[in-house]
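Data block below; observations after.
Throughout, read-outs are computed from the coordinates displayed, never taken from laboratory work. Because the structure is predicted, anything quoted here is derived from the model rather than measured. Backbone-built Cβ (ideal geometry, glycine too); neighbour counts: all protein chains shown.
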Amino acid sequence: MSRAPASRNLKRRPQVTRGRARPKRVGVLDRAIAVVPVSEETLRRGVTGAMFTLACAVVLLIATWLGVPGIVGTAVAEGVGRAGFRVEQIEVTGLKRMERMSVYAVALDQQSRAMPLVDLAKVRERLLDYGWISDARVSRRLPDTLVIDIVERTPAAVWQNNGQLMLIDAAGTLLEPVSPDAMPRLPLVIGDGANAQEAAYQRLLEAAPTLKPTVKGAVWVGERRWDLVFESGERLQLPEGELASTKAIAKFAELDRKDRLLGRGYLRFDMRDPAKLVVRTSGQTMNKAITGEGA
């Protein structure tokens, strides 16, 4: 008995047509990772760390804005500090004369250096206690830097009182002691309360700009009026009151232009009576009437 070919009894398997495999799409991030000369694992760890740092920064900013100790607690703030948000650097700008270490000492005098716990207002307040500092701005620059911008006062004169010399600004603020051996080329004001009259003294000199370069110093007499001492050695006694003294020094400048009073050996010019000029020499006294239009 003949058998049918074995191939006829087998079911034919359907033929599968294989097309070309679709290429896998490569994302922008994957392409970026591929060109970076570090391993993918290292790069991903770095990205994770950066995201953590950013999250901490956001928490820090929100906590600082709301008031950390009362809202999230000191413990959380210390945790933020341990995460890297801790004062490690102080950047100071604007200093010209004041000691930089004094600013550092104030900035670092904190119970905690965790960024959220640094009291910026208190740092500024303590800086303003220094005579040199007119204004200060204190800010954080994450993750680890305090930025301090200083506005210094400008020296305007040297105040002498009870044998002590002190540098002052135009408002009479005390800046720092001055050594007699290192006197700056600034006006000298002498007497009790003379520093508080510095602004008025500057206005007085502005009334006679031609005399200003010749003035060596000024004595605040009896806390009520000025005596001016000139480089050539003479002394000019002015009347009480800012208006009267301003008119008197302007008149004296006019007389000096006409008659050359300074540098001629006179000792003293007395204008305490605005109606006359009293000139004293070593041997005599001369009176000269003064009118509103001239001498």
Convex hull around the C-alpha positions of the stretch 186-295: the volume in Å³ per residue is 96
Separation of the stretch 95-137 and the stretch 163-202 by C-alpha centroid, Å? 26
Do any trypsin sites (Lys or Arg not before Pro) in the stretch 88-135 lie in a loop, going by DSSP, with at most 10 other beta-carbon atoms within 10 Å of their beta carbon, and if so which? Lys96
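What does the extension gain come out to for Arg97 and Ala182, with contour length at 0.36 nm per residue minus their alpha carbon separation? Numbers along the way, then the final one.
Working: separation 85, 0.36 × 85 = 30.60 nm, distance 1.49 nm.
Result: 29.1 nm gained on full extension.
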Within straight-line cross-link reach of Lys212, aspartates and glutamates at Cα separation under 12 Å, skipping those fewer than 8 residues along the same chain: Glu231
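Test of understanding: what is the full-extension gain from Arg137 to Glu231, defined as 0.36 nm times their sequence separation minus their Cα-Cα distance? Intermediate results must be reported in sequence, preceding the final value.
Values: separation 94, 0.36 × 94 = 33.84 nm, distance 4.20 nm.
Length gained between Arg137 and Glu231: 29.6 nm.
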Name all residues of the stretch 190-204 having a backbone nitrogen under 12 Å from the label point set 7 Å from the Cα of Leu174 along its Cα→Cβ direction, giving them as ranges. 193, 195-196
Nitroxide proxy distance, nm - points 7 Å out along Cα→Cβ at Glu223 and Asp192: 0.6
Where a label projected 7 Å from the Cα of Gln284 along Cα→Cβ would reach, residues of the stretch 258-276 with amide N under 19 Å: 259-270
Zone residues, the stretch 171-185, relative to Ala105, backbone N less than 13 Å from point 7 Å out along Cα-to-Cβ: none
